[in-house]
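What follows draws every value from the coordinates through simple rules; no lab data is involved. Values in this document were obtained by computation on a predicted structure and should not be read as measured data. FYI the Cβ positions are ideal-geometry reconstructions off the backbone, even for glycines, and counts take in every protein chain you see.
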Amino acid sequence: MRIGIMSGASPGPDGTLDGLTARARDLEARGFHSMWMANIFGLDAIVAQALVGAATERIELGTAVVPTYPRHPVALAQQCLTAQAAARGRFVLGVGLSHKLVIEDMMGLSYAKPARHMREYMAVLGPLLRGEPVKYEGEQYRVSAGLQVPGAESVDVLIAALGDHMLKIAGETSGGTILWMTGSRTIEDHIVPKLRAAASGSGRPEPRVVAGIPIAITTDPDAARERIAKGLAMYGQLPSYRAMLDKEGVEGPADLALVGDEKTLSAGLDRLRDIGVTDFDAAIMAVEDGADARTLDFLESRL
């Protein structure tokens, strides 16, 4: 199981372009496989990873995740191919539907028929990211276009897939899934078998399963979970994540976190590896003084 680090989701120096570049260089020097960047309401994750890619050499750089609705698939493909050229083949696109609260209530766009939207979106985006022209006539998109971005290799896509329909689409049209707020029981019993079945049925390779999970080394797990519960409370209220928490049988995000000493965290990582997670995306939580640095050192020891 490859190990990567989530970055860019919190304010402070590490969330600036200079900070992200310095972080990526440090992670690369330590031997981490990847750095993932959230796309929320700050820096644009694709642009930021393109700049980071130009300043690094080996580390994989991905988005976790970019919402599809606000960007036409041709425009998104052009952005991603440009980022891929800058990163010299190390950029990976993680995309997702986002949430009705964001797409409709904040942006004023329709969130109707989300599964159809993603399938049509991938029908346009997929060929373009492989360097192929696309001609598509659908309900939501009617596109005839091609792109030529100098120096760009094809871009792998991971879809944030939680429900049955989205897992089928991810397995059939992408390289796998990138998860958040999804526990090990749900990954083992729900995510992995349905994703693999869809990929196999479409003749696609074994899909990647990138699991983003909060993690922290601490001597006081109860206090750490209380702090995580407050910081991540909003994720327990969004319907798609709430469904995964309920499927896992837990009350909130803190109950999914890997929290405790090195032995506890090692057991949690081993469990994820054994159930089919290909990539661990560590959302390191600063639950106490020095916890983030100790957690990073621990994860480095697992490489």
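Quick notes on this structure:
- Shape call, segment 100-194: gyration tensor on alpha carbons, a/c limit 1.5: oblate
- For the pair segment 133-182 and segment 77-97, the centres of their Cα atoms are 12 angstrom apart.
- Contact order normalised by residue count of segment 32-170, Cα under 8 Å, 6+ apart, percent: 25 percent
- Pairs exceeding 25 Å between alpha-carbon atoms, taken from LYS100/LYS247; LYS113/LYS168; LYS100/LYS168; LYS168/LYS230: LYS168/LYS230.
- Electrostatic dipole magnitude of segment 10-128 [Cβ: Lys, Arg +1; Asp, Glu -1; Cα centre; debye, to 20]: 340 debye
- Amide H within-cut-off set for ALA283, under 5 Å, with H built and near neighbours excluded: MET6, ILE213, ILE215
- Look at the alpha carbon pairs under 8 Å that are at least 6 residues apart: their mean separation over the length of the chain gives a relative contact order of 17 percent.
- Per-residue Cβ neighbour rank within 10 angstrom, fewest leading, TYR241, TYR141, TYR121, TYR136: TYR136, TYR141, TYR241, TYR121
- Placing +1 on each Lys and Arg Cβ and -1 on each Asp and Glu Cβ, with no other charges, gives segment 150-216 a dipole about its Cα centre of roughly 120 debye.
- Positive-end extreme of charge dipole, the chain - chosen from VAL143, LEU179, PHE32 (charges on Cβ): VAL143
- Residue with peak Gaussian network fluctuation, the chain [Cα springs, cutoff 10 Å], from GLN79, GLN140, GLN49: GLN140
- Taking Cα centre as origin and charging only the Cβ of basic (Lys, Arg, +1) and acidic (Asp, Glu, -1) residues, the dipole magnitude of the chain rounds to 940 debye.
- Over segment 164-303, Cα pairs under 8 Å with separation of 6+ residues give a relative contact order of 31 percent.
- Residue of MET244, MET122, MET106 that the Gaussian network model of the chain assigns the largest fluctuation, springs spanning Cα pairs under 10 Å: MET106
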